[in-house]
Ligand SMILES: NS(=O)(=O)N=C1NCCCN1
Ligand SMILES: [Zn+2]
């Protein structure tokens with residue numbers, strides 16, 4: 001994938017008014033008492049496979065019905081879970097896309113949902129201003145393993161190259177922190193085509209992961225087995241973008 005600094009050449013919206021990620025400044029966020037809790041109804045068995053798609057590792061879900069949805073919070077409809085994926089760095093505490101008061105985390109989990117009430121397909125929703133909702137878990141590196149992340153990190157060796165393997169009955173609720181307090185703002189996809197179609201819901205509390213678990217993400221490759229070059233998949237994060245007058249609201 002090309003560098004974020006040149007994306008605007010092919011995707012002028014990269015310099016738009018609601019781009020993501022952003023730096024979240026907690027004391028500048030507006031507490032909005034009308035913001036209710038986000039409600040997650042993730043059916044256990046809609047996960048299907050884990051894929052190295054050449055720029056991240058993605059767990060896909062069966063989104064043919066409303067078994068796994070998010071609703072409430074800033075959302076006017078239930079949004080259907082389609083996939084989750086991660087962004088990470090090459091070392092230390094860099095790798096998240098959103099930052100909090102200028103501080104980045106080692107990695108960031110994106111749970112991608114689409115508004116199947118208003119739109120017929122994910123593709124259609126992905127170009128609509130209220131089409132997508134992405135729930136974010138920030139991954140903080142300390143010493144301890146995350147007890148459930150190992151289910152994903154233990155499968156990564158099977159998708160070292162750009163391939164896919166099955167993942168059954170994985171409920172991503174286990175990758176969220178105990179508190180569902182969040183910041184929310186209107187933004188975009190953080191990868192091309194950078195559509196300005198995402199309602200972002202960033203959970204305030206990070207989850208704790210270990211260096212060993214992060215290391216397993218970093219041994220993934222951007223390249224396929226048949227390619228001569230072996231390019232490690234790391235630093236697949238876009239840096240914070242200008243706020244352009246947007247307001248970030250807080251649930252608490
Ligand atoms: N990092 S992101 O904003 O979630 N970007 C995405 N691009 C395509 C499909 C889903 N998500
Ligand atoms: Zn993402």
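Coordinate-derived values only; no laboratory data. Note that the structure is predicted; figures quoted are calculated from it, not measured. As a convention, Cβ positions derive from the backbone with ideal geometry for all residues, glycine included, and neighbour counts pool all protein chains shown.
Here are a few things to note about the model shown:
- Full-stretch length increase - residue 62, residue 128 - with 0.36 nm per residue and alpha-carbon distance subtracted: 21.6 nm
- For region 4-250, share of DSSP beta bridges that run antiparallel, in % to the nearest 5: 75 percent
- Estimated D of region 1-123 in µm² per second, where Rh is the Kirkwood radius over Cα pairs and Stokes-Einstein applies at 25 °C, 0.890 mPa s: 145 µm²/s
- Between region 133-177 and region 28-80, the alpha-carbon center distance in angstrom: 15 Å
- Most fluctuating residue given options 89, 131, 143, as computed from a GNM of the chain linking Cα atoms under 10 Å: 143
- Relative contact order (%) - criterion: Cα under 8 Å, at least six apart; region: the chain: 27 percent
- For region 1-122, the share of DSSP beta bridges that are antiparallel, to the nearest 5, is 90%.
- Label-zone membership for region 166-186, site residue 246, 7 angstrom Cα→C-beta point, backbone N under 13 Å: 183-186
- Along its three principal directions, the equivalent ellipsoid of region 106-202 from the Cα gyration tensor extends over semi-axes of 26, 18, 13 Å, largest first.
- Spherically averaged projected area of the chain from its Cα convex hull (nm²): 12.9 nm²
- Förster radius 30 Å - calculated FRET efficiency between residue 166 and residue 230 (Cβ-Cβ, nearest 0.05): 0.75
- Fluctuation leader among 103, 115, 49 - the chain, Gaussian network, Cα springs under 10 angstrom: 103
- Each of 227, 97 has some number of other Cβ atoms within 10 Å of its Cβ, and from fewest to most they run 227, 97.
- Three principal axis lengths of region 179-244 [C-alpha, angstrom, descending]: 42, 31, 17
- Most mobile of 30, 221, 189 in a GNM of the chain (Cα contacts under 10 Å): 30
- Gain on full stretching of the segment that runs from residue 43 to residue 91 - 0.36 nm per residue minus C-alpha separation: 13.9 nm
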